[in-house]
1. Ordered by packing density, taken as the mean number of other Cβ atoms within 10 Å over each peptide's residues, highest first, how do A:183-191, A:134-142 rank?
2. Would you please put B:20-29, A:242-251 in order of how densely packed they are, using the mean number of other Cβ atoms within 10 angstrom per residue and starting with the highest?
3. For a footprinting-style exposure proxy, rank A:69, A:295 by other Cβ within 10 Å, fewest first.
4. Please give the net charge around residue A:154, taking every other residue with its beta carbon less than 10 angstrom from that of residue A:154, where Lys and Arg add +1 and Asp and Glu add -1.
5. Relative to the longest principal axis of the C-alpha atoms of chain A, give the angle of the C-alpha long axis of helix A:99-113, reported between 0 and 90° and rounded to the nearest 10°.
6. I'd like to know which of B:322, A:139, A:23 lies farthest towards the positive end of the charge dipole of the protein assembly as shown, counting +1 on Cβ of Lys and Arg and -1 on Cβ of Asp and Glu.
7. Given Cβ point charges of +1 (Lys, Arg) and -1 (Asp, Glu) and nothing else, what value in debye, to the nearest 20, does the dipole of the stretch A:167-250 about its Cα centre take?
8. Which listed residue (B:160, B:406, A:239) has the Cα farthest towards the positive end of the charge dipole for the protein assembly as shown, taking +1 on Lys and Arg C-beta and -1 on Asp and Glu C-beta about the Cα centre?
Amino acid sequence: MSQVSAADLGLPEGEAPRFASAQEVAEGLQRTGYLPNTAIASVVYLADRLSKPVLVEGPAGTGKTQLAKSVAELTGSRLIRLQCYEGLDESKALYEWNYRKQLLRIQAGEILDGSRDSEATATWEELEENIFSEEFLLTRPLLEAIRSSDPVVLLIDEVDRVELETEALLLEVLSDYQVSIPELGTVRATRLPLVFLTSNNTRELSEALKRRCLYLYIDYPDLEREQAIVRTRVPGITGELAEQVARIVRSVRGLDLRKLPSVSETLDWARTLVVLGVSSIDATVAGETLHILLKYQSDIDKAAKELLTTANEAFAKQPLQKH
Amino acid sequence: MLELLSGFVEELRSAGLPVSTTEHIDAARAIHHVPIENREELKAALGITLVKSAWHWPTFETAFDVYFANRFNSAEPKETEHLDGAAIEGDGATGKTWLRSHTSAIDGGLDVPSSEELAALLYEALVSGDVGLMRTVARHAVTRYAGVEPGRPVGGTYYLYRTLRKLDLDAVLERLMLTARPSGRPWTALEERLARDEYQFRIDELRKVIEAEIRRRLVLDRGARALAKSIRKPSPEDIEVMHATREELAMLHRALRPLSRKLAAKLVRRRRHGHRGHLDFRATIRRSLSTGGAPIDPRFRHPRPSKPEIVVLADISGSVASFARFTLHLVYAISSQFTRVRSFAFVDGIDEVTRLFEECDDPAESVARISTEADVSWIDGHSDYGHMLVVFSERWRRSITSRTSLLILGDARNNYHATHAEVLADLKRRARHVYWLNPEPREYWDSGDSAISAYAPYCDAVVECRNLRQLEQFVSELA
């Protein structure tokens, strides 16, 4: 059953799986400085084993894009990135004919032949075959990832930004790892790339797309993991300070705010504290640096009120805030 | 294993998750690759392949716990191993010694600790935050307090309630806070808050462990299929706003923010890529001159979609209050789609609350302020739609123009007061549209004191809005 995927897709057999177990993925990612939880390690492992793309969703700044980068680093692959935006089309995502070069080729042919003689019609088919060959093809990220002979990690970033109709462009690539070019035929992958799609969930993606992908939701990390992330990514931070940072951030996330602090903001905050030479966070330090963690004034006010006011006031508010 | 998986997929489908055959096959292939004795990895593998939306995750988790509850007993860590490493302070020592002398009997369930011993054990588990110890506490607490009766077709909420009441976790929290208080100096607000959050987190953790333990026993008793049926949870989109429990309301609240963001993005997109305008006859004829009079290239007017003006009248009395709040929140979150939004809150009196939303840029906070700051009672604080309409018409009738869409939120339960539907008829003549959103199921309309059919003739539409899905759909059509 484990060989089903490659055979099904008519792909070259014998490609060794990249990882032996989810455990190995976890350890490998840790070496690159990315701390995965079980779900993240499993999804990377299964994506490789099942030859399926991974759709990663979650709040902004929780390391969705970073995951693809780290996997690329871990597997020694080239990272090919397709940044999605509204209005993205075939010619930017898949391929495009280099029509300038095609024109040049036609004009050059006229000059070299010397004249437009009566045989021109006979050579037209030759010419057509000639100008629609790979030489005149401009590969865009998707095709490039398929054709590459080196190992590749393909990152399709913020896929929720393209229109629903454009999503369909991706489907052939994602399910069969192939691209059909009318003039050339079908280009199949020689090596299966690992594919990651990220989405900030600004709209519901189509069922067709979701069905073809494994799904990973990266939420804000729990206390231990966030603490570990801070310690790995912020050089020179003491264990005690990292713990305090993680605990305060957890409490802040418990509040009802417009924008909750993301991991990248936690890291910014931790770095700031290290630069400022803070060894332990008290109310004053927290009050002065809260604006790094939170981006809206109303959020900052609320957090300061909830976390930093005197015990009696905070206690009086307890039942309200619980509700 | 494959049979178990089929049953599990079946259960997910009955709970409302759209699991396709492809995904079922993927899951079957996935469990081929993971060590199935490892609970976490198996759960991850199934979740990755079967669940395609974060909203469905809680449903999946519950179903997983039920279906795979009794497969991992051997994999659970031994309580005693954890104990030695954990730092144990204060009078926790009683629990420790007790546990030492009784380890052999733990799974036999013969030697149940006394309630004092159990309390000490509980305290210790919370101080150390040790999951293994929590499991022991949960096991004994359930045995001792839950009084599980075999064969009763219940979901376990009652057992959970009984166990928690006996454990009295609030008192334990206060005791933990007292012990943790630093000696010799007052606690700063930040320290206190962090400590409280930490212990609260552990208590929530314990609650989950107890819930899992109860569930495990119920599965042993009645089998996974039967239990899954009785604890099936609707996904947040389908929760009935009117009857939501406090936890469900919190869940709705969390779901609302991304929902409104998504809705706003969708509407902007639609406006930008909207349909073409009407045929521009003059330009088409002019254009046709170049093709000898044949109108080959029809011209269209540029569409100028007018943004509607919204006036919301929201019933904020008792049972429909949360519905009104959600709707107001949603309307204001996409207020950029409207020229103007004015909102009024009423019970039997009516008051304008627009300023609350204008003063503050966070709709959630404004909505919270309505109940304290709006002056909405007139006589007795029971809904009186008739009086509300009369007062509204007297004071604000002139603000309703041919560009206004009037939105009334409420169940039309009028407490047998006069309906004054003629006022609504008058407003309807002035306004562009009148919509009535009713959070009650359609079957209950016109039962008892519901006067919805008295008002219905004067509305363009009376819409049933029981859950977020229906609400979202209505709002996106409105804009």
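Computed from the coordinates by the stated procedures, all read-outs in this text should not be read as laboratory data. None of these values were measured; they are calculated from a predicted model. Neighbour counts are summed over all protein chains in view; Cβ atoms, including those assigned to glycine, are modelled from backbone coordinates with ideal geometry.
1. Listed from highest to lowest mean packing, they are A:134-142, A:183-191.
2. Ranked from most to least packed, the peptides come out as A:242-251, B:20-29.
3. Lowest count first: A:295, A:69.
4. Result for the neighbourhood of residue A:154: +1.
5. Value to nearest ten degrees: 20.
6. Result: B:322.
7. Using Cβ point charges on Lys, Arg, Asp and Glu, the stretch A:167-250 gives about 140 debye.
8. B:406
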